[in-house]
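The values are calculated or read from the model by the stated rules, or taken from the named source; none is laboratory data. Please read these numbers as outputs of a predicted model, since none were measured by experiment. Glycine gets a Cβ as well: all are built from the backbone with ideal geometry, and neighbour counts include every protein chain shown.
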Amino acid sequence: MALHFLLAPMAELSHRALRELTESFHQGGADEYYTEMISAGAFISGGPFESWYADNGPCPEKLVYQVVGGVADDLVRAVSLLDQRDCLGIDINMGCSAPAITRSGAGVRWMADIEKAADLIRRTRKKTRRRLSVKLRIGLTDDFDYLARFCRRLEEEGLDLITLHPRTAKEKFKRKARWDYISALRKELHIPLAGNGDIASAQEMLRRSEECDAVMIGRLAVRQPWVFAEARGLGTNNAASKKVSDTFLEETGLRFLELLSRYQPPEFHISRARRFFNYFCDNLKWGNYVKNLLNRETDLSGIERAWRGYFSQHEIEQKISP
């Protein structure tokens, strides 16, 4: 069984600091890293933070730029500019259902019109020599036949890969991801299909690998940045990654803060740190308590002190407990 794992595009999360951290574990990180959503309009107009979104480190050969927008001309121009950068591929977001995105005609709103979406793929295909892909949902409604027609039409226009998050636009996380849609859609296509949604462990990553051509991981990869290495180790019958001890967790959190300081602008530090630890603290017995401690801090040095303080206090409590 060939294993191919992707890090999902996640706002305020799938930036270079997380990619560096994930890549540092024994047996390596993801096979592909998707960036945060890059706004096509902001990127082509030279927005002040676009260089951070477009950072392709640490592995340009594994990097996929994801671009979002509701104006076809902006997306075509953005794809043309991103094509000039060193990367593996470019992905167009056709799945985000956040109101701020859909109101502009972006994200999952592209799935409302098959021919409009096909025309976008036709135009962007001409502007990039990189792998061209889309990430989408089931659609605005629960209609598998429409989904299959939509995907086959994009395939006809030169699309190379599709990632499906099997929920409708309105469902968000209200119901379980329907992986039977992924298995069914795979039979309809000639291009690779990646599956994404509700994967909770390295073991499940391996199991889902049998149902699609690649498995995309989002929240789990933030909660457990070593999960790609663990899954790869399990898949080759090697020992899993490092034991998840208190020392290991403390060091991993500190490493993330150091990378965040190095690879993100100060304006992003607090929002990115809070987003990361909101998931990473789930590894701790008193995770919610630690989240509250960290959220009180207003800079990275304060977050580091609070993080170290928790483990120091926890170590003392363990020594004095009967």
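So the values come out like this:
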| read-out | value |
| --- | --- |
| Any chance Gly253 is over 17 Å from the mean Cα position of the chain (by Cα) and surrounded by fewer than 20 Cβ atoms within 10 Å (Cβ to Cβ) | no |
| Selection status of Leu120, under 24 Å from Phe5 (Cα atoms) and in the same structural domain as Ser80 (by TED's automatic domain parsing) | no |
| Test: residue in region 117-129 that is at pLDDT below 95 and surrounded by 15 or more Cβ atoms within 10 Å (Cβ to Cβ) | no |
| Output for region 179-210, where each listed residue is touching a residue at least 60 places away in the same chain (Cβ under 8 Å), surrounded by fewer than 16 Cβ atoms within 10 Å (Cβ to Cβ) and either over 23 Å from Glu155 (Cβ atoms) or in the same structural domain as Phe280 (by TED's automatic domain parsing) (or both) | none |
| Single unsatisfied condition, Arg167 versus (1) crowded, with 19+ Cβ neighbours inside 10 Å; (2) more than 20 Å from Cys212 (Cα to Cα) | (2) |
| Test: Lys172 is in contact with a helix residue (DSSP H, G or I) (Cβ under 6 Å, 6 or more places away or on another chain) and not aliphatic (A, V, I, L, M) | no |
| Hits in region 257-307 (condition: of a type in the set (S, T, N, Q) and assigned to a helix (DSSP H, G or I)) | Ser261, Ser271, Asn278, Asn283, Asn288, Asn292, Asn295, Ser301 |
| Long-range neighbours under 7 Å by Cβ, at least six apart or interchain, first residue under 24 Å from Glu258 (Cβ atoms) within region 1-24, second surrounded by fewer than 23 Cβ atoms within 10 Å (Cβ to Cβ) and aliphatic (A, V, I, L, M) | Ala17/Leu259; Glu20/Leu259; Leu21/Leu259 |
| Verdict on Leu260 being at pLDDT 95 or above, over 21 Å from the mean Cα position of the chain (by Cα) and surrounded by 14 or more Cβ atoms within 10 Å (Cβ to Cβ) | no |
| Residue list for region 120-141, restricted to those being touching a helix residue (DSSP H, G or I) at 6+ places or on another chain (Cβ under 9 Å), within 22 Å of Gly197 (Cα to Cα) and not aliphatic (A, V, I, L, M) | Arg137, Gly139 |
| Long-range neighbours under 6 Å by Cβ, at least six apart or interchain, first residue assigned by TED's automatic domain parsing to the domain that holds Ala221 within region 33-54, second part of a helix (DSSP H, G or I) and crowded, with 21+ Cβ neighbours inside 10 Å | Tyr33/Arg19; Tyr33/Lys62; Ala40/Leu75; Ala40/Ala78; Phe43/Ala78; Ile44/Ala78; Glu50/Phe43 |
